[in-house]
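Every read-out reported here was derived from the displayed coordinates using simple, explicitly stated rules and does not represent laboratory data. In this text, all values refer to a predicted model and were calculated from it rather than measured experimentally. Quick reminder, even Gly has a Cβ in these numbers, built from the backbone with ideal geometry, and neighbours come from all protein chains shown.
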Amino acid sequence: MTEPLVARRYTIDFFQLAHVATTEVPTIEDGFKIILDEEIEPILVSNGYTRDLWTLQVRSRPKSYAGQFRKFRTNDLPEIGTAGGSAAQLALSDKEGVVEKNFFVYYKEHQILGWHRNGHASSAKQLATFLSSLWGTKVTIDPVLQPDAVKRLLRGDIDLKKVELTIPRPTSRDLYPDDDYGKGILELLNRSGADSLHLTLGIDTRRKDTEGKLTSQWKRALSEFTSMGATTARAIVYDDGVEHPIDLIADRVVSYQDIETNALFPPSGTMYAAIDKAREECKGAINEYFGAVEAALT
């Protein structure tokens, strides 16, 4: 019997992918191409989980690559049963696992990644770590912010006065930031035995020995922690003496797509179409974001 259609809401986030070019992978598109050409197998095992890129495909309109990033859980499997009755652990063969997945579309224009958010599966940061291992080079990922937020955060003449950060303890070292600055913060969290860290750093302008601003490394660190799942990532900047708050969680470019389906996820083509639709709806903000980044770097 076919289940009735119900409306489900899917959250689409946007990130920018970047990498260090190599002879083997001069561009991100070349990296996806060698996967499609089966020159490398897109399966990796790390920290007890197997992950793979599944049904990767190239698309001409728009120029993009689409696929599924899947996580397989083989340990600590759930039990199954009925209410009021006994339960038994889910039995799987040695080659099977519980599958959680994220749908994604990588667009050549602006190197944008449209990412279907699934809290049970992987983070976009884990995709970047996966690709780094697969391609043998560093791959980074940064959230696309609302234009006004990125203008304030990246401008070189803007002073960073305060940072608020809340980080849940990562379940995997795959989620650690790429820079030593961020890694040191997470090492502190792990050594403490705590399950989360809430950090507030600020400048006291009344002190005569203060630098008057936080180090610019925090701008990159906030972006890294946002990508890996921080629940709070706020910055306070001063522009001509005026205080401006920036919330890297609330200020991200995000879209919510409603789809009628009789399954947890509709067919992959429907999910890719939803990501395309989300990108089209957010196109103005995305284009302004890159304009703001280019202006900040010049």
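Side notes on the structure shown:
- Computed FRET value (nearest 0.05) for His120 with Gln217, which takes r as the C-beta separation and R₀ as 30 Å: 0.40
- Residue list for the range 13-36, given a label point 7 angstrom along the Cα-to-Cβ vector of Gln57 and an amide N cut-off under 16 Å: 36
- Gain on full stretching of the segment that runs from Asp247 to Glu187 - 0.36 nm per residue minus C-alpha separation: 19.2 nm
- By average C-beta atoms within 10 angstrom, highest first, the peptides 41-49, 275-283: 275-283, 41-49
- Relative contact order %, the range 197-270, counting alpha carbon pairs below 8 Å whose residues are six or more apart: 16 percent
- Packing rank of 102-108, 4-10, 134-140, where each peptide gets the mean count of other beta carbons within 10 Å, highest leading: 102-108, 134-140, 4-10
- Applying 1/(1 + (r/R0)^6) with r as the Cβ-Cβ distance of His110 and Asp195 and R0 = 45 angstrom yields a FRET efficiency of 0.75.
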